[in-house]
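*Asks:* Pasting a structure below so you can have a look.
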Amino acid sequence: MTASNHVLSDFANINRRLWNDKVDYHVASTMYDVSGFLQGNDSLNSIEIDLLGNIQEKRIIHLQCHFGLDTLSLARRGAKQVIGVDISEKAIAKAQELATATNLTVSTQFICCNIYDLHQHLSLHESENLFDIVFASYGTINWLPDINQWAHIVSSCLKPNGIFVMVEFHPSLDMFNEDYTRIENSYFNQGPIVSEREGTYADRTAPIRNQSVEWCHNLSDVIQALIQNGLRIETIKEFDYSPYDCFPNSVKTTDGFYQIKGLEKKIPLGLLDILRKLRSTPQDELRILLLGLDNAGKTTLLKVLASEDISHITPTQGFNIKSVQSTGFKLNVWDIGGQRKIRPYWRNYFENTDVLIYVIDSSDRKRFDETNQELSELLEEEKLHGVPLLVFANKQDLLNAAKASDITDGLSLHQIRDRPWQIQGCSAYTKEGVKEGLEWISKTVTKNKK
Ligand SMILES: Nc1nc2c(ncn2[C@@H]2O[C@H](COP(=O)(O)OP(=O)(O)OP(=O)(O)O)[C@@H](O)[C@H]2O)c(=O)[nH]1
Ligand SMILES: [Mg+2]
């Protein structure tokens with residue numbers, strides 16, 4: 001494993017440690033002003049308050065909420081329910097403590113997880129669980145490796161017509177060195193930026209030293225990812241100031257905002273936008289669910305579909321999503337981890353599936369019964385009723401692979417009457433059969449949609 005692969009696979013742990021260490025110092029800092037908050041001050045800035053508009057009776061999810069001051073402020077402003085999500089268990093414990101201290105436990109809930117695993121914690125498959133507003137504020141996307149996957153999550157949390165409100169530091173800031181005297185990183189995402197720093201932005205003298213793993217996502221990548229996930233921009237604005245004094249050499253503006261000394265009014269510091277989720281996915285987009293036992297080759301096939309390198313693939317702990325252009329359709333493919341402990345979460349992804357692709361390791365004869373059992377249970381699921389099924393009998397390149405026809409008999413596929421189905425022998429390694437599988441999907445769905 002290369003150094004960067006190591007960082008990628010461990011980024012969540014590295015950053016969780018960092019955010020856990022920051023909590024006590026942030027809670028005690030003047031920047032966060034927890035005592036003011038407890039006395040009734042709003043932690044939200046006028047920028048986001050104006051953007052959010054009337055939030056009475058709204059369901060809101062606040063992604064990467066740190067220790068929840070803004071989450072609780074949203075509840076105080078009359079939201080019906082606000083869920084804060086953060087990777088740091090120490091931050092979430094503090095948020096819960098503050099919810100109790102402010103009597104906001106009924107209208108708020110906090111979830112501790114990496115937001116890429118959010119679907120394992122919320123049952124978003126039921127429409128009443130979706131949100132009116134997804135909210136993200138200051139210092140969020142730079143902690144995320146995959147902006148497309150993030151955009152999928154944002155979109156999948158929203159009701160049709162719901163809004164995503166994001167206020168962020170401008171991504172161009174990620175280019176600079178720590179004291180903003182030099183451009184150090186590319187504006188464009190070139191992989192993880194690993195650094196080690198002392199103190200924290202809200203208390204530069206805090207006796208902590210931590211490694212961090214961040215990414216620079218340029219503006220068009222962020223917006224494009226959201227658009228591709230069915231959101232439409234309503235407002236976008238860049239600011240030459242920040243509401244927070246989190247830069248080492250800042251100057252205060254007459255309005256009480258902050259700019260970087262020497263660069264006043266020259267560079268964008270803040271960014272805000274509102275995007276609205278379109279009512280439905282366009283006719284020419286398909287939601288494809290890729291399921292199967294662990295080690296079947298789902299992620300490898302997904303990467304083959306997206307023409308990506310398949311030499312470094314690790315077992316999927318949550319899920320991967322990619323959009324792939326196929327004949328006549330854009331396929332939004334959801335690849336969910338197949339390990340036994342993850343399988344109970346498969347059902348969180350059933351809603352609105354257009355095609356189910358079930359992947360089998362054709363050489364893993366010892367687990368044919370197990371895979372048969374899982375597939376039979378999927379075919380019984382009400383939410384997948386009538387959904388066309390493509391079985392990929394993968395790993396045909398291996399000598400001991402069972403033929404697709406033998407697997408058809410083993411799985412009793414001929415008894416399926418309630419949906420179109422197809423089995424396709426394939427190999428993610430040699431790419432044989434993959435194209436044929438996709439062609440079947442296009443043909444079948446086109447026929448169904450007529
Ligand atoms: N020989 C051969 N090996 C393959 C093929 N496709 C995938 N593999 C290998 O099978 C292993 C598992 O592949 P993954 O794509 O991670 O399997 P998965 O279904 O995503 O597994 P989980 O994420 O745990 O659910 C990896 O070592 C792949 O290199 C194939 O067509 N032929
Ligand atoms: Mg996988």
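*Asks:* Does region 354-366 contain any residue that is farther than 19 Å from residue 421 by Cα, within 16 Å of ligand 2 (Cβ to nearest atom) and not in a helix (DSSP H, G or I)? Let's see the steps before the verdict.
*Replies:* Of all residues in region 354-366, those farther than 19 Å from residue 421 by Cα come to 363-366.
Still in the list and also within 16 Å of ligand 2 (Cβ to nearest atom): 364.
Then keep just the ones that are not in a helix (DSSP H, G or I); that gives 364.
Scanning region 354-366 turns up at least one residue that is farther than 19 Å from residue 421 by Cα, within 16 Å of ligand 2 (Cβ to nearest atom) and not in a helix (DSSP H, G or I).
*Asks:* State all residues of region 71-89 that are out of contact with any Lys or Arg (no Cβ under 9 Å at 6 or more places or on another chain), part of a helix (DSSP H, G or I) and surrounded by fewer than 24 Cβ atoms within 10 Å (Cβ to Cβ); if no residue qualifies, say none.
*Replies:* Passing the criteria: 73, 76.
*Asks:* Return the residue satisfying two criteria in turn: it lies in region 296-312 and is part of a loop (DSSP other than H, G, I, E, B) and aliphatic (A, V, I, L, M), and of such residues it is farthest from the chain's Cα centre (by Cα). First the steps, then the outcome.
*Replies:* The first filter runs over region 296-312 and keeps only residues part of a loop (DSSP other than H, G, I, E, B), leaving 296-297, 306-312.
Subsequent filtering for residues that are aliphatic (A, V, I, L, M) retains 296, 306, 310.
Details: 296: 24, 306: 18, 310: 22 Å.
Applying the filter and picking the extreme gives 296.
*Asks:* What about residue 295, is it touching a residue at least 60 places away in the same chain (Cβ under 8 Å), surrounded by fewer than 21 Cβ atoms within 10 Å (Cβ to Cβ) and within 16 Å of ligand 2 (Cβ to nearest atom)?
*Replies:* On the way: touching a residue at least 60 places away in the same chain (Cβ under 8 Å): yes; surrounded by fewer than 21 Cβ atoms within 10 Å (Cβ to Cβ): yes; within 16 Å of ligand 2 (Cβ to nearest atom): yes.
So residue 295 fits the description; yes.
*Asks:* Of all residues in region 425-440 being crowded, with 17+ Cβ neighbours inside 10 Å and more than 18 Å from residue 303 (Cβ to Cβ), which is farthest from ligand 1 (Cβ to nearest atom)? Full working, then the answer.
*Replies:* Of region 425-440, the ones crowded, with 17+ Cβ neighbours inside 10 Å are 425-428, 433-434, 437-438, 440.
Filter once more, so that each one left must be more than 18 Å from residue 303 (Cβ to Cβ): 425, 440.
Details: 425: 10, 440: 18 Å.
The qualifying residue farthest from ligand 1 (Cβ to nearest atom) is 440.
*Asks:* Moving on to the next point. Residue 374 - would you say it is within 16 Å of ligand 2 (Cβ to nearest atom), within 22 Å of residue 339 (Cβ to Cβ) and at pLDDT 95 or above? Let's see the steps before the verdict.
*Replies:* Working: within 16 Å of ligand 2 (Cβ to nearest atom): yes; within 22 Å of residue 339 (Cβ to Cβ): yes; at pLDDT 95 or above: yes.
It is true that residue 374 is within 16 Å of ligand 2 (Cβ to nearest atom), within 22 Å of residue 339 (Cβ to Cβ) and at pLDDT 95 or above.
*Asks:* Let me ask something else. Counting only residues that are under 21 Å from the mean Cα position of the chain (by Cα) and part of a loop (DSSP other than H, G, I, E, B), which one in region 313-333 is nearest to ligand 2 (Cβ to nearest atom)?
*Replies:* 316
*Asks:* Take residue 394 and decide whether it is among the polar types (S, T, N, Q) and either buried (at least 16 other Cβ atoms within 10 Å of the Cβ) or under 20 Å from residue 299 (Cα atoms) (or both). Spell out the reasoning first.
*Replies:* Working: among the polar types (S, T, N, Q): yes; either buried (at least 16 other Cβ atoms within 10 Å of the Cβ) or under 20 Å from residue 299 (Cα atoms) (or both): yes.
Judged against the criteria, residue 394 is a match.
*Asks:* Look through 97, 57, 48 and report the one residue that is of a type in the set (Asp, Glu), part of a loop (DSSP other than H, G, I, E, B) and surrounded by fewer than 23 Cβ atoms within 10 Å (Cβ to Cβ). Please lay out each step first, then the result.
*Replies:* Details: 97 fails: part of a loop (DSSP other than H, G, I, E, B); 48 fails: part of a loop (DSSP other than H, G, I, E, B).
Just one listed residue meets the conditions, 57.
*Asks:* Which residues, counting only those in region 35-82, are farther than 13 Å from residue 134 by Cα and either touching a Gly at 6+ places or on another chain (Cβ under 6 Å) or not assigned by TED's automatic domain parsing to the domain that holds residue 240 (or both)?
*Replies:* Scanning region 35-82 gives 56, 68.
*Asks:* Next question. Among the residues of region 338-350, count how many are part of a loop (DSSP other than H, G, I, E, B) and either surrounded by 17 or more Cβ atoms within 10 Å (Cβ to Cβ) or among the polar types (S, T, N, Q) (or both). Walk me through how you get there before you give the answer.
*Replies:* Pass one, region 338-350, residues part of a loop (DSSP other than H, G, I, E, B): 338-342, 350.
If we keep only those that are either surrounded by 17 or more Cβ atoms within 10 Å (Cβ to Cβ) or among the polar types (S, T, N, Q) (or both) too, we end up with 338-339, 342, 350.
Residues meeting the conditions: 4.
*Asks:* Six or more apart or on different chains, Cβ atoms under 7 Å: show the pairs whose first residue is in region 308-323 and in contact (Cβ under 8 Å) with a residue 40 or more places away in the chain and whose second is small (Gly, Ala, Ser) and more than 8 Å from ligand 1 (Cβ to nearest atom).
*Replies:* Short answer, once both residue conditions are applied: 314/9; 322/306.
*Asks:* State all residues of region 305-320 that are surrounded by 11 or more Cβ atoms within 10 Å (Cβ to Cβ) and more than 10 Å from ligand 1 (Cβ to nearest atom); if no residue qualifies, say none. First the steps, then the outcome.
*Replies:* Kept after step one, since they are surrounded by 11 or more Cβ atoms within 10 Å (Cβ to Cβ), are these residues of region 305-320: 305-306, 308, 310, 312-313, 315-320.
Hits for region 305-320 are 305, 306, 308.
*Asks:* Could you tell me whether residue 406 is among the acidic types (Asp, Glu), without any contact (Cβ under 8 Å) to a residue 60 or more places away in the chain and either in contact with a Gly (Cβ under 8 Å, 6 or more places away or on another chain) or over 24 Å from residue 300 (Cβ atoms) (or both)? Lay out the reasoning, then the answer.
*Replies:* Values: among the acidic types (Asp, Glu): yes; without any contact (Cβ under 8 Å) to a residue 60 or more places away in the chain: yes; either in contact with a Gly (Cβ under 8 Å, 6 or more places away or on another chain) or over 24 Å from residue 300 (Cβ atoms) (or both): no.
No: the conditions fail for residue 406.
*Asks:* Something else: Please enumerate the residues belonging to region 234-271 that are on the phi > 0 side of the Ramachandran plot and crowded, with 17+ Cβ neighbours inside 10 Å. Reasoning before the result, please.
*Replies:* First, the residues of region 234-271 that are on the phi > 0 side of the Ramachandran plot: 256, 262, 265.
Within region 234-271, none qualify.
*Asks:* Cβ-Cβ below 7 Å, separation at least six or inter-chain, first residue in region 182-196 and under 18 Å from residue 12 (Cα atoms), second among the hydroxyl-bearing types (Ser, Thr, Tyr) and surrounded by 14 or more Cβ atoms within 10 Å (Cβ to Cβ): which pairs?
*Replies:* Filtered contacts from region 182-196: 195/212.
*Asks:* Moving on. If I ask for residues that are in contact with a Ser or Thr (Cβ under 7 Å, 6 or more places away or on another chain), touching a residue at least 60 places away in the same chain (Cβ under 8 Å) and part of a loop (DSSP other than H, G, I, E, B), which ones from region 234-291 would you list?
*Replies:* Across region 234-291, the qualifying residues are 267, 268, 269.
*Asks:* Give me the pairs, please: first residue somewhere in region 360-372 and assigned by TED's automatic domain parsing to the domain that holds residue 425, second residue anywhere and assigned to a helix (DSSP H, G or I) and within 16 Å of ligand 2 (Cβ to nearest atom), beta-carbon distance under 7 Å, and either six or more positions apart or on two chains.
*Replies:* What qualifies is 360/371.
*Asks:* State which residue pairs qualify: first residue of a type outside the set (Phe, Trp, Tyr) and inside region 428-440, second residue more than 13 Å from ligand 1 (Cβ to nearest atom) in any location, beta carbons under 6 Å apart, and separation of 6 or more residues or different chains.
*Replies:* So the pair list comes out as 437/390; 438/326.
The values are calculated or read from the model by the stated rules, or taken from the named source; none is laboratory data. The shown structure was predicted, so the numbers you read here are calculated from the model rather than taken from an experiment. Glycine gets a Cβ as well: all are built from the backbone with ideal geometry, and neighbour counts include every protein chain shown.
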